[in-house]
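The structure appears right after this line, and notes come after that.
The values are calculated or read from the model by the stated rules, or taken from the named source; none is laboratory data. It should be emphasised that the depicted structure is a prediction, and the values quoted were computed from it without experimental measurement. Positions of Cβ are backbone-derived with ideal geometry, glycine not excepted, and every protein chain shown enters the neighbour counts.
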Amino acid sequence: MWADWASKPREHYRACIVEALKSSRLPLFLESGVTMAELVDAGFSARLLEPLLRILAWWGWACQDGRGHWYWTGGSAWLERPGLGLDHGWHDLPKLLSRQGAARTAGLVEQETLAARSEQLVIWLIRELLPVQGQTWLDIGAGRGQFSRALQARGASPTMVDVVFGPDTPPPGIPGLQRDVFEEFPEGRYDGIALVRFVESFPEHQVRSLLHTCRQHLKPTGRLVLAGYFDGASEEGLLFSLHVALTQPRGRTYQVSDLTRIARSTELVVARSIREPAFGYCAMVLERQPVGEPPDRSGGETECPGTRHDPDEVRQPRAVLP
């Protein structure tokens with residue numbers, strides 16, 4: 001017998017959940033592990049997450065490790081199962097799980113996927129930078145503001161900077177400056193400056209100039225963070241290089257060794273280089289060179305850990321957000 005609360009066949013409720021997965025792109029967030037708190041920060045419904053993840057685990061589509069991170073284990077089955085189209089149902093699973101969430105039209109699905117990938121990068125990067133509470137940060141090329149929102153949620157005071165802001169950005173409570181940082185850099189000293197998926201849009205001489213300016217606006221113990229695809233030796237990096245060549249006529253892709261050399265020429269040193277294993281993101285944490293040490297212009301290479309991968313481990317590359 002089927003449950004006495006249900007007015008429709010069981011498959012209807014399964015299809016509602018599949019539709020919610022397609023609309024919210026939740027499986028993309030789970031691919032490299034994420035906590036429920038991080039999913040809530042990313043805009044998912046806190047009330048629905050726990051029961052939803054439990055049913056996904058029952059189906060064998062998700063699992064939780066001992067640290068509280070949830071992972072996707074369902075492969076592409078969620079895409080292959082039928083959903084409900086545009087009619088929805090089951091009270092629309094509060095607008096299909098949210099993330100400001102109804103299902104998008106077909107032409108916007110790719111943008112939703114890119115936004116989910118961007119959130120994935122932010123979740124990983126914030127973990128690596130903690131603690132940030134009480135710190136002031138400048139988020140250059142802030143886009144939709146995912147990184148700034150994550151900083152604010154963890155007690156930092158971010159300022160977003162971009163040439164133009166889209167609808168609903170900056171979000172409430174986060175200052176936004178609409179300007180070109182190459183022409184007018186924001187005044188002040190910061191605990192952190194972030195260039196997330198930014199430097200690949202520009203040639204080397206502009207990147208060098210920007211790093212030099214950023215250094216001048218860091219506090220003595222401040223951090224300059226570069227994040228993107230900096231590992232050209234991986235398939236993700238090579239595909240990304242081709243994508244940049246197609247879409248960024250002035251830009252180029254950089255390897256860690258390139259950015260290390262450029263940073264040293266501006267009296268910045270690499271404090272950490274880290275790589276996210278699932279999607280091939282790389283982050284470099286730069287700090288001001290200690291007083292008294294001459295600039296190192298040798299161009300020596302510093303590699304992200306784990307930058308050599310077996311071809312069988314290659315994951316899907318992430319496209320540049322517009």
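Does region 219-231 contain any residue that is crowded, with 17+ Cβ neighbours inside 10 Å, of a type outside the set (A, V, I, L, M) and either assigned by TED's automatic domain parsing to the domain that holds Gly33 or at pLDDT below 80 (or both)? Within region 219-231, one or more residues are crowded, with 17+ Cβ neighbours inside 10 Å, of a type outside the set (A, V, I, L, M) and either assigned by TED's automatic domain parsing to the domain that holds Gly33 or at pLDDT below 80 (or both).
A residue that is in contact with a helix residue (DSSP H, G or I) (Cβ under 9 Å, 6 or more places away or on another chain), of a type in the set (A, V, I, L, M) and at pLDDT below 90 occurs nowhere in region 136-148. Of Val196, Val181, Val163, Val207, all but one fail to be of a type outside the set (D, E, K, R) and either within 17 Å of Ser118 (Cα to Cα) or not assigned by TED's automatic domain parsing to the domain that holds Ala283 (or both); the exception is Val196. Of all residues in region 22-52, those satisfying the criterion of being touching a Leu at 6+ places or on another chain (Cβ under 9 Å), free of Cβ contacts under 8 Å to residues at least 60 places away in the same chain and in a helix (DSSP H, G or I) are Pro27, Leu30, Met36, Leu39, Val40, Ala46, Leu48, Leu49, Leu52.
If the condition is being basic (Lys, Arg) and either more than 15 Å from Pro171 (Cα to Cα) or part of a loop (DSSP other than H, G, I, E, B) (or both), then region 124-156 contributes Arg127, Arg144, Arg154. Tell me the residue from Arg297, Arg318, Arg308 that is at pLDDT below 75, among the basic types (Lys, Arg) and not assigned by TED's automatic domain parsing to the domain that holds Ser201, please. Matching residue, one of Arg297, Arg318, Arg308: Arg318.
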